[in-house]
1. Out of the residues in segment 238-265 that are loosely packed, with under 15 Cβ neighbours inside 10 Å and in contact (Cβ under 8 Å) with a residue 24 or more places away in the chain, state the one that is nearest to S202 (Cα to Cα).
2. Identify all residues within segment 54-77 that are in a helix (DSSP H, G or I) and either more than 24 Å from A108 (Cβ to Cβ) or among the small types (G, A, S) (or both); write none if there are none.
3. Given the conditions (1) more than 18 Å from E377 (Cβ to Cβ); (2) out of contact with any strand residue (DSSP E or B) (no Cβ under 9 Å at 6 or more places or on another chain), report the number of the one that R307 does not fulfil.
4. Any residue in segment 63-75 that is more than 11 Å from A180 (Cα to Cα) sitting within a Cβ distance under 7 Å of a residue that is open to solvent by less than 10 Å² (accessible area, probe 1.4 Å) and within 7 Å of the ligand (Cβ to nearest atom)? List the pairs, counting only those 6 or more apart or interchain.
5. Are any residues in segment 76-118 in contact (Cβ under 8 Å) with a residue 40 or more places away in the chain and either of a type in the set (D, E, K, R) or touching an Asp or Glu at 6+ places or on another chain (Cβ under 7 Å) (or both), and if so, which ones?
6. Sort through L194, L206 and tell me the only one that's in contact with a helix residue (DSSP H, G or I) (Cβ under 6 Å, 6 or more places away or on another chain) and within 16 Å of the ligand (Cβ to nearest atom).
7. Scan segment 299-308 residue by residue and report those that are in contact with a Gly (Cβ under 8 Å, 6 or more places away or on another chain) and either surrounded by fewer than 22 Cβ atoms within 10 Å (Cβ to Cβ) or not polar (S, T, N, Q) (or both).
8. Starting from residues that are among the polar types (S, T, N, Q) and open to solvent by less than 10 Å² (accessible area, probe 1.4 Å), keep the ones in segment 69-102 and report whichever is farthest from the ligand (Cβ to nearest atom).
Amino acid sequence: MRIIYLDHNATTPPLPEVVEAVRQALEIDWANPSSIHRPGQAARARVELAREEVAALLGAQGRDVVFTSGGTEADGLAIAGTLAARPGRRVIATSRIEHAAVRERVEAIEAAGAAEIAWLPIDRAGRVDVAAAAALLEARGAEIALLSVMWANNETGVIQPVPELGAICRAAGVLLHVDAVQAAGKVRIDFGGLPIDLLSVSAHKLNGPKGVGALLVRAGLRLGKQSIGGAQERGRRGGTENVPGIVGFGVAARAAAERLADPGAAAALAERRDRFERAVRERVPDAIVIGAEAPRVPNTASLAFPRLEAEALLLLLSERGVCAAAGAACASGSLEPSPVLLAMGVPAEAAHGAVRFSLGPATTVEELDVAAGIVAESVAVLRRSTIPAPR
Ligand code: PLP
């Protein structure tokens, strides 16, 4: 069966040059990069080259990069590390559209009594309300350790007002953490030029290996260490480095930077995404494009099909070779609508039927046209088989 992979926000295929670099790191540069001998120093050189490559993609300096086991650990280090370093401030400001790596982490911290969460309101376009954030910071700025917001949402692709939030955080003395896992490699990021203190990224979202990511930490910032052990990563994250993963991340970051240097590539990807959305809506006129009123990363389409269960649609799509995802988690047998969509005010009836299609740089118009046809047919099949609700 032909597979049309439209789930790049879940993970991306590693590039051939990434696979080759990982293989070489396992086969040749397998020594411990903390060792003083030659093989150790060769592995160290590979890690440091990768650090520069990751930094270059994000407009940062190599010394800003702390390698982690992925986006989840980077988010956790940013949040718990900041709280540990700022004992006088016991409030974390964040939003309900954050990835579970942030949302559940702050909820766990609050449940343990270690901090209080101030939830930032989300507007109907799916963006954090900057005026409300400014009012919160004015009222409680001295209590807030950190404001954590994502650059781009994983379900809708909506881009958050990061520069504006950065400006108000700076004015209030609040640190800003940005989860850029879904933005890195898709849009330009200038860590050095923006008022951001901490920024999380993950290699497997940009054609790198799984299980490796990074937290960028602004120079001079104090951060409580979470992975306690050796002095690796300038004392910020103990543990022998994942050399193959880090090397693969560096190669993927370099390739992503080259893609971003082509000014037409992102616009062309957005055009393919928009064409897919139009093609589906022509055949399923009541389908709703979520987040279309806000700026979005170019690869993400979130479509809600009212009166449909996303899970049923995903299974049918999968049988027909189309890989997509639902913005919902299966909890205790019932499919809960996504907290992201509910926070945006999407009615539960539509949120239940929300499916995310996420493209990659190599996704073709032809694949998208075929996928749009399969989506429309599958929706029709499910709607025919759905028993109408009793009146
Ligand atoms: N943050 C966002 C926005 C994500 O989309 C993801 C993964 O889906 C993560 C964090 C977690 O990253 P990782 O899978 O590298 O732990």
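1. Taking segment 238-265 and keeping what is loosely packed, with under 15 Cβ neighbours inside 10 Å, we get 238-240, 258, 261-265.
Narrowing further to those that are in contact (Cβ under 8 Å) with a residue 24 or more places away in the chain: 240, 265.
On the way: T240: 18, A265: 21 Å.
Once the filter is applied, the top-ranked residue is T240.
2. Of all residues in segment 54-77, those in a helix (DSSP H, G or I) come to 54-57, 62-64, 71-77.
Listed by number, the residues that qualify are V54, A55, A56, L57, G62, R63, D64, G71, A74, G76.
3. (1)
4. Filtered contacts from segment 63-75: T68/G213; S69/G213; G70/S202; G70/G213; E73/G213.
5. R86, R89, R90, V91, R96, E98, H99, A101, V102, R103
6. On the way: L194 fails: within 16 Å of the ligand (Cβ to nearest atom).
Just one listed residue meets the conditions, L206.
7. Looking only at segment 299-308, we keep the residues that are in contact with a Gly (Cβ under 8 Å, 6 or more places away or on another chain), and these are 299-302, 304-308.
A301, A304, F305, P306, R307, L308 - these are the residues of segment 299-308 that are in contact with a Gly (Cβ under 8 Å, 6 or more places away or on another chain) and either surrounded by fewer than 22 Cβ atoms within 10 Å (Cβ to Cβ) or not polar (S, T, N, Q) (or both).
8. T82
The values are calculated or read from the model by the stated rules, or taken from the named source; none is laboratory data. Owing to the predicted nature of the structure, the values given are computational and were not obtained by experimental measurement. Using ideal geometry, Cβ is built from the backbone for each residue, glycine included, and neighbour counts are taken over all protein chains shown. The accessibility values were calculated without ligands, DNA or RNA, using every heavy atom of the protein model including side chains. Shrake-Rupley method; radii C 1.70, N 1.55, O 1.52, S 1.80 Å.
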